[in-house]
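Quick notes on the structure that follows.
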Amino acid sequence: MPPPDAGPRILIRRLRQIMAEAGSGQERLDKIVKQIAYLMVAEVCSIYVRRQDGSLELFATEGLNPAAVHTTRMGRGEGLVGLIAERAEPVNLSEAQSHPAFSFRPETGEEVYHSFLGVPVIRNGQLLGVLVVQNRMQRHYDADEEEAMQTTAMVLAEHLASGDVAGAGGASVSLMHGRASLIRGQSLSEGIALGHVVLHEPRVVVTNLVADNLAAERTRLARAIRRLRRTIDAMLERRDLTGPGEHREVLETYRMYAHDAGWIRRIREALGAGLTAEAAVERVRNETRARMLRHAGDFWRERFRDLDDLSDRLLRVLAGREGTAAADKLPEDTILVARTMGPAELLDYDRTRLRGLVIEEGGLASHVAIVAKAIGIAAIGQAAGIVESVEGGDAVIIDAETGEVHLRPGQELIAAYSDKVRFRARRQQRYAGLRSRPALTRDGERISLKMNAGLIVDMPQLAESGADGIGLFRTELEFMIAARLPLKDKQTEIYRRILDEAGRRPVVFRSLDIGGDKLLPYLRHDQEENPALGWRALRMTLDRDGLLRTQVTALLRAASGRDLQIMFPMVSDIGEYEAACAVVARQQKVLARQGFAAPRSIALGAMLEVPAMLFDLDGLFRAADFVSIGSNDLLQYLFAADRSNPRVAKRYDPLSLPVLRVMTRVAEAAQQHGKPLTLCGELASRPLEAMALVGVGLRSISMAPAAIGPVKAMILSLDAGRLRRRIGELMEAGASDVRAELLQFAKDQNVELG
Ligand code: PEP
Ligand code: MG
């Protein structure tokens, strides 16, 4: 044997040389096994590569019968090689043939070899193959030899993952990472995108494996661990996390592991065997991943995955690559992949290069989903296992209509999706052509189409969509993505920018609608049994009136000399609305005393979201300057069906008689009182539903910017008078399937539904 500390170093240097040489992948593998056999003083060295079906194929050998190459295959769990693959652990035996798992393959001619040392070849948690050495004499391979083999396997993994072995012996190797696969998640922001993976937290590829100076490596490791702990503490303190249950829990687990004595001891031991700090972390990570492969239970997998993430972080600290990929040069068709991500982190990216986002943990209510929607990229959440299934640069298609992520798609899928994208682009172009046309029905009724917004980054869409204004500005969104509560001046600046960018188009600001599912990470929220029915929206801001006062003051100041419209969410009785108006009146006086110029006009509105108000419409319209129906909440309360619970959220059809009757009543009341009425829930975003709203008498609706084009196309092709009559008939007849009837109407009348 060469001296143990020289062994791995010489081996690695030689393997690297071979990997860099010209020739086919097979030739290189043949040289690699020869070299390993020589330096390990072994009579046999073989490489088995894992195939798609899980079997292990002999891909190269020195010492066994060359005819067995690409012929001998071990099934899943078969033989010692199968055992190593299954347990992802080395097997070291002085008498292999007496081991119960030994499986004799006559074609290999291995019956004369007794001692056996095999190690798994693992990369990114995937088993790529098995590396084996054998000797005739019965001998025990010592710890240094086992160590050398494991280090060699790390280098070999790099070679196998490069895909360079494809075509060996005419057979192509499909490594786990190279394969096309499908991951299903939940759509967070609509759209279809084709592009290439950029890992939000880039992976460090460890290339320097053997330590030159052990003491220096020890110091580097100790420093890196200290730094890792400090960064996690700082992230937890910053509190600009996406709320309890998501980001924070992950970070708390990281913190726990970063202090885990067992994990650190194992890294130190690996370092002691002569590896660099990076290689030691990688080695321990591989072992963790091997254990992950062996544990089927979700609980342990989850824990191992946390530890795996932490190893990634430690590697990045060691490599001095701590930032996210936002600072890198991104490909033009970037699809970001992350385990979890905060809203501000997404905003750090160059938006012109982002096509989509896939995250493992975020749900629909996550703040990063709100930002993804605002910046108009397709996004999918709850994509289990996505991070460990991809490499930076992998081709990927995300279909946020179906919630599917296609990894490394084949040509046919790419062609089909490219067609889809082209079709959508043509449709978008057509809608863009309608941008400056007013939304007039065929019979001459003017419908005002406004857009919903909530972030400064939404504003460019006002001009792009051709909306008549902003019918709902959800002020809480800027609060949700901020690291801390925006103070008065900051808020004034935000609202001033919104008004500046809106120019002559009107903006309706909604006062803070927090509580329920919208939590501000930096404000304490009590656990509530029924958050949707709880202390939220106007109820909360009237109780904590400092919040409302500050916001109203900021709005009044921002709108100095201009028109200001504010509406209050979740008004549940007229007294609440009046109390909110009193806050505005008080702040107006305070500002006047301080010499601030007042807005040119002030209109105050109430959102109609609570069914009780349906039974006091006269009171509501008398009190409010304008009313906006928040159909998302109104429908959840009408049907008693939680809007955020996928099991029930779509169970009841809003195109039903009760809803049509409610909307008709509200529209009539608005008309009687001569007060403006808008609807700003998701209903308005869908052409058929928007058609029904026009049919029951609404003349102003506010929706997601992407919906303006399709809804306008619908309106331009609609005869509103005919529809009104048809809906009247349906209500009178007590139609059972309103949706089907309306679809039929649209078909008969050639109403364009997108
Ligand atoms: C609504 O409830 O319809 C609405 C527009 O408000 P939000 O969706 O923000 O609750
Ligand atoms: Mg609402």
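Does L655 satisfy the condition of being within 23 Å of E741 (Cβ to Cβ), within 13 Å of ligand 1 (Cβ to nearest atom) and not small (G, A, S)? Explain how you work it out, then say what you get.
Working: within 23 Å of E741 (Cβ to Cβ): yes; within 13 Å of ligand 1 (Cβ to nearest atom): no; not small (G, A, S): yes.
Here the answer is no, as L655 does not meet what is asked.
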- request: Select, from L538, L547, the only residue that is assigned to a helix (DSSP H, G or I), more than 16 Å from ligand 1 (Cβ to nearest atom), under 21 Å from M570 (Cα atoms) and of a type in the set (A, V, I, L, M).
  value: L547
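For region 584-592, indicate whether the set of residues that are within 40 Å of the chain's Cα centre (by Cα) and of a type outside the set (S, T, Y) is non-empty.
First, the residues of region 584-592 that are within 40 Å of the chain's Cα centre (by Cα): 584.
If we keep only those that are of a type outside the set (S, T, Y) too, we end up with 584.
Checked against the condition, which is being within 40 Å of the chain's Cα centre (by Cα) and of a type outside the set (S, T, Y), region 584-592 yields at least one hit.
Okay, residues lined up against (1) out of contact with any Cys (no Cβ under 8 Å at 6 or more places or on another chain); (2) of a type in the set (D, E, K, R):
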residue: L604; (1), (2): no, no
residue: M613; (1), (2): yes, no
residue: L617; (1), (2): yes, no
residue: F626; (1), (2): yes, no
residue: Y637; (1), (2): yes, no
residue: R651; (1), (2): yes, yes
residue: V659; (1), (2): yes, no
residue: A670; (1), (2): yes, no
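Take the residues in region 230-249 that are within 20 Å of L347 (Cβ to Cβ) and in a helix (DSSP H, G or I), then tell me which one is modelled with the lowest pLDDT. Steps first, answer last, please.
Let us first name the residues in region 230-249 that are within 20 Å of L347 (Cβ to Cβ), namely 234-235, 238-243, 246-248.
When the remaining residues are screened for being in a helix (DSSP H, G or I), the result is 234-235, 238, 247-248.
Working: A234: 83, M235: 78, R238: 65, H247: 61, R248: 70.
For region 230-249, the residue satisfying everything is H247.
Test L555 against the criterion of being farther than 25 Å from Y637 by Cβ, more than 16 Å from ligand 1 (Cβ to nearest atom) and surrounded by 18 or more Cβ atoms within 10 Å (Cβ to Cβ), and give yes or no. I'd like the intermediate steps shown before the answer.
Working: farther than 25 Å from Y637 by Cβ: yes; more than 16 Å from ligand 1 (Cβ to nearest atom): yes; surrounded by 18 or more Cβ atoms within 10 Å (Cβ to Cβ): yes.
Considered against the rule, which asks whether it is farther than 25 Å from Y637 by Cβ, more than 16 Å from ligand 1 (Cβ to nearest atom) and surrounded by 18 or more Cβ atoms within 10 Å (Cβ to Cβ), L555 comes out as yes.
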- line: A careful count of residues in region 518-535 that are surrounded by fewer than 17 Cβ atoms within 10 Å (Cβ to Cβ) and away from ligand 1 (no atom under 16 Å from the Cβ) gives 7
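What's the total number of residues in region 496-533 that are out of contact with any Pro (no Cβ under 9 Å at 6 or more places or on another chain) and over 15 Å from G469 (Cβ atoms)? Break it down stepwise before answering.
First, pick out the residues of region 496-533 that are out of contact with any Pro (no Cβ under 9 Å at 6 or more places or on another chain): 496-500, 502-509, 514, 518, 520, 522-524, 526-533.
Cutting the leftovers down to over 15 Å from G469 (Cβ atoms) gives us 496-497, 514, 518, 520, 522-524, 526-533.
So the count comes out to 16.
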field: Inter-residue pairs, beta-carbon under 8 Å, first under 9 Å from N286 (Cβ atoms) and in region 116-130, second at pLDDT 90 or above and β-branched (V, I, T), 6+ apart
entry: P120/I84; P120/V130
query: Quick check: anything in region 623-635 within 15 Å of ligand 1 (Cβ to nearest atom), crowded, with 16+ Cβ neighbours inside 10 Å and over 36 Å from the mean Cα position of the chain (by Cα)?
result: yes
- request: Using the structure shown, decide if S448 is more than 26 Å from the chain's Cα centre (by Cα), more than 20 Å from R699 (Cβ to Cβ), surrounded by 14 or more Cβ atoms within 10 Å (Cβ to Cβ) and polar (S, T, N, Q).
  value: no
- line: Exactly one of A326, A365 is surrounded by fewer than 21 Cβ atoms within 10 Å (Cβ to Cβ), over 18 Å from V250 (Cα atoms) and within 18 Å of the chain's Cα centre (by Cα), and that one is A326
statement: Counting only helices (runs of 4 or more DSSP H) entirely within region 351-455, those with at least 3 residues that are over 18 Å from A704 (Cα atoms) are 386-389, 411-433
statement: Flagged in region 38-63 as surrounded by fewer than 20 Cβ atoms within 10 Å (Cβ to Cβ) and within 18 Å of L117 (Cβ to Cβ), in numbering order, are Y38, V41, E43
Number of the condition not met by R13 [criteria: (1) at pLDDT below 90; (2) surrounded by 15 or more Cβ atoms within 10 Å (Cβ to Cβ)]: (2)
- request: Please list, ordered by first then second residue, the pairs with beta carbon atoms under 8 Å, 6 or more apart or interchain, first in region 625-638 and more than 8 Å from E609 (Cβ to Cβ), second acidic (D, E) and more than 10 Å from ligand 1 (Cβ to nearest atom).
  value: Q636/D642
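Only one of L604, L620, L634 is at pLDDT 95 or above, more than 13 Å from ligand 2 (Cβ to nearest atom) and in a helix (DSSP H, G or I); which?
On the way: L604 fails: in a helix (DSSP H, G or I); L634 fails: more than 13 Å from ligand 2 (Cβ to nearest atom).
It is L620.
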message: With the requirement that a residue be in a loop (DSSP other than H, G, I, E, B) and touching a Gly at 6+ places or on another chain (Cβ under 6 Å), what does region 504-531 give you?
response: R505, P506, L519, P521, E528
- request: Kindly indicate which of V610, V659, V584 is crowded, with 17+ Cβ neighbours inside 10 Å and touching a Phe, Trp or Tyr at 6+ places or on another chain (Cβ under 8 Å).
  value: V610
query: So which residues in region 505-536 are within 16 Å of ligand 2 (Cβ to nearest atom) and over 30 Å from A463 (Cβ atoms), if there are any at all?
result: G515, G516, D517, L519, N530, P531, A532, L533, G534, W535, R536
Residue that is farthest from D53 (Cα to Cα), among those in region 64-101 that are under 41 Å from the mean Cα position of the chain (by Cα) and among the β-branched types (V, I, T): V91
query: Hey, among T475, T492, which residue is within 12 Å of ligand 1 (Cβ to nearest atom), of a type in the set (S, T, N, Q) and closer than 17 Å to T550 by Cβ?
result: T475
- request: Tell me which of these R496 doesn't satisfy, since it passes every other one: (1) within 16 Å of ligand 2 (Cβ to nearest atom); (2) touching a residue at least 60 places away in the same chain (Cβ under 8 Å).
  value: (1)
field: Residue, farthest from ligand 2 (Cβ to nearest atom), within region 591-601, restricted to residues that are in contact (Cβ under 8 Å) with a residue 24 or more places away in the chain and not polar (S, T, N, Q)
entry: A597
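I need a count of the residues in region 513-536 that are free of Cβ contacts under 8 Å to residues at least 40 places away in the same chain and either among the hydroxyl-bearing types (S, T, Y) or under 21 Å from G681 (Cβ atoms) (or both).
From region 513-536, those free of Cβ contacts under 8 Å to residues at least 40 places away in the same chain are 514-516, 523-531, 533-536; that's our starting set.
Cutting the leftovers down to either among the hydroxyl-bearing types (S, T, Y) or under 21 Å from G681 (Cβ atoms) (or both) gives us 514-516, 530-531, 533-534, 536.
Looking only at that region, the number is 8.
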- request: Output the number of the condition that R647 fails; it satisfies all remaining conditions of (1) away from ligand 2 (no atom under 13 Å from the Cβ); (2) within 20 Å of S572 (Cα to Cα).
  value: (2)
query: A96 passes all but one of (1) more than 27 Å from R285 (Cα to Cα); (2) surrounded by fewer than 22 Cβ atoms within 10 Å (Cβ to Cβ); (3) among the small types (G, A, S); which number fails?
result: (2)
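May I ask you to list the residues in region 358-373 that are at pLDDT below 85 and not charged (D, E, K, R)?
Step one: of region 358-373, the residues at pLDDT below 85 are 361-367, 370.
The answer is G362, G363, L364, A365, S366, H367, I370.
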query: Can you tell me how many residues in region 571-580 are touching a residue at least 40 places away in the same chain (Cβ under 8 Å) and either in contact with a strand residue (DSSP E or B) (Cβ under 6 Å, 6 or more places away or on another chain) or in a helix (DSSP H, G or I) (or both)?
result: 5
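The values are calculated or read from the model by the stated rules, or taken from the named source; none is laboratory data. Just so it is clear, the structure is predicted and the values come from calculations on it, not from any experiment. With ideal geometry, Cβ positions are generated from the backbone for all residues, glycine too; neighbour counts draw on all protein chains shown.
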